[in-house]
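Engineer: Here's a structure for you.
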Amino acid sequence: MKYFLYKLIPPRSTFAKDMTREEKNLMDEHFAYWSNLMDRWCVIAFGPVEDSTGGYGIAILEADNDTDIEALGHNDPMIRAGAGFHFEICPMPQVVLRM
């Protein structure tokens with residue numbers, strides 16, 4: 001298996017504190033999307049991260065060679081909506097998992 005860090009970067013540093021109603025609806029779709037992927041076992045964990053820049057979202061992904069990780073990012077409702085979000089995917093060359 002291969003592992004990846006997905007990072008969802010919001011359009012502004014204050015997003016978590018001042019999202020609009022439309023953005024909240026998109027966030028609900030985003031949560032459902034990643035929950036569904038978790039049910040299919042390709043997502044190990046996901047959630048928001050708070051830091052001094054205002055925060056972002058992450059997911060830890062587990063994939064076989066046939067999984068198109070970039071497609072998972074492009075199909076995120078936050079990205080599809082064109083609401084100013086962007087994402088980064090970073091391979092994790094070594095992963096230690098809790099058994």
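Engineer: So how strong a dipole does the chain carry about its Cα centre when Lys and Arg Cβ are +1 and Asp and Glu Cβ are -1, to the nearest 20 debye? Kindly include the intermediate steps, with their values, before the conclusion.
Structural biologist: On the way: 9 positive and 15 negative charges, 43 e Å.
Result for the chain is approximately 200 debye, rounded to the nearest 20.
Engineer: Can you list which of the trypsin sites (Lys or Arg not before Pro) found in the chain are DSSP loop residues with at most 15 other C-beta atoms within 10 Å? Provide the component values of the computation, followed by the final result.
Structural biologist: Working: sites: Lys2, Lys7, Arg12, Lys17, Arg21, Lys24, Arg40, Arg80, Arg98; in loops: Arg12, Arg40, Arg98.
Loop-located and lightly packed - Arg12, Arg40, Arg98.
Engineer: Hey, what's the Cα Rg ratio for segment 1-41 versus the globular rule of thumb, 2.2 N^0.38 Å? Present the calculation step by step, with values, prior to reporting the outcome.
Structural biologist: Details: Rg = 12.8 Å, N = 41, 2.2 N^0.38 = 9.0 Å.
My calculation over the Cα atoms of segment 1-41 gives 1.42.
Engineer: Which value in nm describes the separation of the simple spin-label points at Lys7 and Asp28, placed 7 Å from the Cα toward the beta carbon?
Structural biologist: Simple spin-label model gives 3.0 nm for this pair.
Engineer: Related question: Averaging sequence separations of C-alpha pairs under 8 Å and six or more residues apart, then dividing by the length of the chain, give the relative contact order as a whole percent. Display every interim value, and only then the final one.
Structural biologist: On the way: 137 pairs, mean separation 46.4, N = 99.
47 percent.
Engineer: OK, next. Would you pull out the residues with amide H under 5 Å of Val43's amide H, same chain only if 5 or more places away, H placed 1.01 Å from N?
Structural biologist: Met38, Glu62
Engineer: Sort Ser13, Ser52, Ser35 by Cβ crowding within 10 Å, fewest neighbours at the top.
Structural biologist: Numbers: Ser13 14, Ser52 6, Ser35 11.
Arranged by neighbour count, lowest to highest, Ser13, Ser52, Ser35 become Ser52, Ser35, Ser13.
Engineer: Could I ask something else about it? Neighbour counts of other C-beta atoms within 10 Å: give me Trp34, Trp41 arranged from fewest to most.
Structural biologist: Working: Trp34 22, Trp41 8.
Lowest to highest Cβ neighbour count: Trp41, Trp34.
Engineer: If you keep only loop residues by DSSP, which GluC sites (Glu not before Pro) in segment 28-99 have at most 10 other Cβ atoms within 10 Å of their Cβ? Don't skip to the answer; put the middle values down first.
Structural biologist: Details: sites: Glu29, Glu50, Glu62, Glu70, Glu88; in loops: Glu50.
Passing both the DSSP loop test and the Cβ count: Glu50.
Throughout, read-outs are computed from the coordinates displayed, never taken from laboratory work. Owing to the predicted nature of the structure, the values given are computational and were not obtained by experimental measurement. A quick note on method: Cβ atoms are made from the backbone with ideal geometry, for glycine too, and the neighbour counts reach across all protein chains shown.
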